Amino acid sequence: MKKNKNKKAKKSSSGNKDNDGIKPFGDRILIRPFSEDEVSGEKRNHYGIIIPDTVSKEKSAQGKVLAVGEGKLIDGKLVPIRVKVGDMVVFSKYGYDEVEYKGEELYLLKEESILAVIK
């Protein structure tokens with residue numbers, strides 16, 4: 001009897017080591033929002049305008065994709081999600097649900113709430 005020496009380690013369903021526990025359904029996407037420091041690095045915007053503390057404490061509308069669902073059913077056909085794990089994205093400020101997982105705040109949103117991919 002031959003033994004199979006080429007056993008492969010099972011990958012997480014999201015394809016990313018950052019998130020082994022949450023797999024979104026349908027056309028939902030799991031995102032880790034950037035902190036204020038990751039977005040701007042300072043309390044100035046890219047035009048050099050100083051941003052007041054009240055504005056700078058708002059939640060980020062940019063983040064990294066941690067996991068994606070299988071896609072959306074349209075007319076009985078599965079349409080896959082256009083973003084992939086690892087993409088940096090801009091999303092609608094009010095279009096997400098907050099999820100806390102392992103002490104970290106993550107956002108769960110539908111694909112339609114993604115506005116752009118940051119290259």
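Annotations
- Residues satisfying the stated conditions in segment 64-110, i.e. in contact with a Lys or Arg (Cβ under 8 Å, 6 or more places away or on another chain) and on the phi > 0 side of the Ramachandran plot: Gly86
- Subset of segment 101-113 (residues that are assigned to a strand (DSSP E or B) and either modelled with pLDDT of 95 or more or within 16 Å of Phe25 (Cβ to Cβ) (or both)): Tyr101, Leu106, Tyr107, Leu108, Leu109, Lys110
- Filter pass, Pro33 being surrounded by 15 or more Cβ atoms within 10 Å (Cβ to Cβ) and either at pLDDT below 95 or within 17 Å of Val117 (Cβ to Cβ) (or both): yes
- Filter pass, Gly21 being farther than 25 Å from Lys119 by Cα, under 18 Å from the mean Cα position of the chain (by Cα) and at pLDDT 55 or above: yes
- Conditions (1) modelled with pLDDT of 80 or more; (2) exposed (fewer than 11 other Cβ atoms within 10 Å of the Cβ): number failed by Gly48: (1)
- Among the residues of segment 75-89, none qualifies, meaning not one is in contact with a Pro (Cβ under 9 Å, 6 or more places away or on another chain) and assigned to a strand (DSSP E or B).
The values are calculated or read from the model by the stated rules, or taken from the named source; none is laboratory data. Computed from a predicted model, the values in this text were never measured in an experiment. Note that each Cβ is placed from the backbone with ideal geometry, even for glycine, and that neighbours are counted across all protein chains shown.
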